[in-house]
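In what follows, a structure is listed as structure tokens, so that the remarks can point back to it.
The values are calculated or read from the model by the stated rules, or taken from the named source; none is laboratory data. The structure displayed is predicted, hence computed values, not measured ones. As a convention, Cβ positions derive from the backbone with ideal geometry for all residues, glycine included, and neighbour counts pool all protein chains shown.
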Amino acid sequence: MRQGRREIVTWVGSNIVPHEADLRVRLRQMAVPEEEISDIVQDAYLKISNLDSVAHIRNGRAYFFATARSVLLDRIRRERIVRIDSMTEMEALSLADEDPGPERRVGARMELERVRRLIADLPDRCREIFELRRIQGVPQREIAERLGVPEHTVEAQAVRGLKLILKAMAGQGGGDGHTPKPRIDRDEDERERNGR
């Protein structure tokens, strides 16, 4: 059922606006650049105000945070750079309306450490390019110039690093409550690159 614009604006004013400060704090905690925070908040307001109805929204705060998360994900997709810390912070934003609790915090720290170990296990050149491109967000062209390699090599190594990490993570069970030390099988990686 379509609601009138005035009704939606009134609802936003009483159910969304009071949570703007909390959203801004969360975005700052996620290390979103200050100049982008206002844009993200504005885009979230715009998405909500363009709805035909707000009757389906039960929790304004949760909906506002979820909308901001969606806006942030759209921005990350447009940048075409997937920073690992951004992705883990996306999960934090989706849970922003509740305190995650100590168990979830410990689990997140363990998962981050697991990914760090996997990155450290990458072959040297692959790790160097992966860290510059995916973690630090350095443009592909700049990496190529710094390392004296063609741009396509930078792209291939960044993709290779991500594939190796994802493959290593998929190969780790952890279902029994025990997470084995992450390992990247360099011999297997070498065989794959050589087509054996």
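Would you check if residue 93 is assigned to a helix (DSSP H, G or I), buried (at least 16 other Cβ atoms within 10 Å of the Cβ) and modelled with pLDDT under 85?
So residue 93 passes the test.
Return the pairs, sorted by first residue and then second, in which the second residue is part of a loop (DSSP other than H, G, I, E, B), the first residue lies in region 50-66 and is of a type in the set (Lys, Arg), the beta carbons are less than 7 Å apart, and the residues are 6+ apart or on different chains.
61/97
In region 42-73, what residues are part of a helix (DSSP H, G or I) and among the β-branched types (Val, Ile, Thr)? Please lay out each step first, then the result.
Kept after step one, since they are part of a helix (DSSP H, G or I), are these residues of region 42-73: 42-49, 60-73.
Across region 42-73, the qualifying residues are 48, 67, 71.
Given (1) touching a helix residue (DSSP H, G or I) at 6+ places or on another chain (Cβ under 8 Å); (2) at pLDDT 85 or above, identify the lone condition not met by residue 73.
(2)
What tally of residues in region 139-196 results from selecting those that are modelled with pLDDT of 85 or more, closer than 15 Å to residue 119 by Cα and more than 20 Å from the chain's Cα centre (by Cα)?
Count: 1.
Tally the residues that are closer than 23 Å to residue 76 by Cβ, free of Cβ contacts under 8 Å to residues at least 24 places away in the same chain and of a type in the set (A, V, I, L, M, F, W, C), restricting the search to region 115-164.
Adding up the residues that qualify gives 6.
The conditions are (1) modelled with pLDDT under 65; (2) assigned to a helix (DSSP H, G or I), and residue 78 fails exactly one of them. Which is it?
(1)
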